[in-house]
Amino acid sequence: MATYHGMVARGTRNKYLKDLFIQWRGVLAAYDEGLIRGDAVMAAAVWRNVFKGDENVDAEKLALIVA
């Protein structure tokens, strides 16, 4: 983070790393839930996390990823 983003303050770096870790855990939980509850839940998780909730996403691409 210091090299690529110029964040040399340890406190700022740690704050961003904690936020990133929480986001990562949320993504994992969403995909785990999708594996357990079925394709519709998995498609919703992929739509949110990969396509950033874009309403204009191609449904065939989403179905291909879930399949």
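Annotation note: trypsin sites (Lys or Arg not before Pro) in the chain located in DSSP loop regions with a Cβ neighbour count of at most 15 within 10 Å are 52.
Per residue, the accessible area of the chain comes to 83 Å², computed with a 1.4 Å probe over protein heavy atoms only. Computed from the alpha carbon atoms alone, the convex hull of the chain holds 104 Å³ per residue. When a 1.4 Å probe is rolled over the protein heavy atoms, the share of accessible surface on the chain that falls to carbon and sulfur comes to 58 percent.
The values are calculated or read from the model by the stated rules, or taken from the named source; none is laboratory data. What you see is a predicted model; the values in this text were computed from it and never measured. So basically every Cβ, Gly included, is an ideal-geometry build from the backbone, and we count neighbours across all protein chains shown. Ligands, DNA and RNA are excluded from the accessible area calculation, which covers all protein heavy atoms including side chains. Shrake-Rupley method; radii C 1.70, N 1.55, O 1.52, S 1.80 Å.
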